[in-house]
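The values are calculated or read from the model by the stated rules, or taken from the named source; none is laboratory data. These numbers come from a predicted model, not from an experiment. Every residue, glycine as well, gets a Cβ built from its backbone with ideal geometry; the counts of neighbours run over all protein chains shown.
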Amino acid sequence: MGKAPEFSSALETRVRQSFAAQSMMTTIGGQVVSVAEGQVTIAAPILPGMMQQQGYGHGGLSFALGDTAAGYSALTMVPEGYGVLSTEMKINFLSPAAGVRLRAEGRVIKPGRRLLIVQADVYAETEGGDRHVALLTGTIIPIML
């Protein structure tokens, strides 16, 4: 692998095009909110089909958004011609995902040639403000496309 690319609008386009190809994110209404070097934020509404039995956003939704935001933050740090895959991801649920939308803010903690350490914070957006609902920490591996 070569040197990580400098951030550019071309890199943002690369992230957005890859994200658009994810059928799961399309199904849940996910959207890229922002892209910066080592940081990606995505969000999705808490749809009726994405709730658990008490009416909160399902933990799987929080995990999917956090994993995806963290993974795309890693993608901003790898050279063109490479993709990324999660090799492990841990989640801590901090409070129920009650709100209208979930927002996941992913970031690279430690970039590396073989592994990248990432985190993501997931927030439930409500009329009264945001609530921190989950924290994910994981490891991402670059793969040649």
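Here is how the numbers come out for the structure above:
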| read-out | value |
| --- | --- |
| Single unsatisfied condition, ILE141 versus (1) closer than 23 Å to THR26 by Cα; (2) not in a loop (DSSP other than H, G, I, E, B) | (1) |
| Qualifying residue in region 4-27 (condition: at pLDDT 95 or above and in a strand (DSSP E or B)) | no |
| Residues located in region 63-93, provided they are without any contact (Cβ under 8 Å) to a residue 60 or more places away in the chain, outside any helix (DSSP H, G or I) and not aliphatic (A, V, I, L, M) | SER86, THR87, GLU88, LYS90, ASN92, PHE93 |
| Answer from LEU75, LEU61 - the residue that is crowded, with 20+ Cβ neighbours inside 10 Å and in contact with a Lys or Arg (Cβ under 8 Å, 6 or more places away or on another chain) | LEU75 |
| Scope region 13-31; condition under 15 Å from THR41 (Cα atoms) and small (Gly, Ala, Ser); matching residues | SER18, ALA20, GLY29, GLY30 |
| Unique residue being of a type in the set (Lys, Arg), at pLDDT 95 or above and farther than 21 Å from ALA44 by Cβ when the list is ARG107, ARG114, ARG103 | ARG114 |
| Residue match in region 102-123 (condition: outside any strand (DSSP E or B), among the hydrophobic types (A, V, I, L, M, F, W, C), more than 19 Å from THR26 (Cβ to Cβ) and without any contact (Cβ under 8 Å) to a residue 40 or more places away in the chain) | yes |
| Pairs, first within 30 Å of PRO111 (Cβ to Cβ) in region 34-61, second of a type outside the set (Gly, Ala, Ser) and modelled with pLDDT under 95, C-beta under 6 Å, six or more apart | VAL35/GLU12; GLU37/PHE7 |
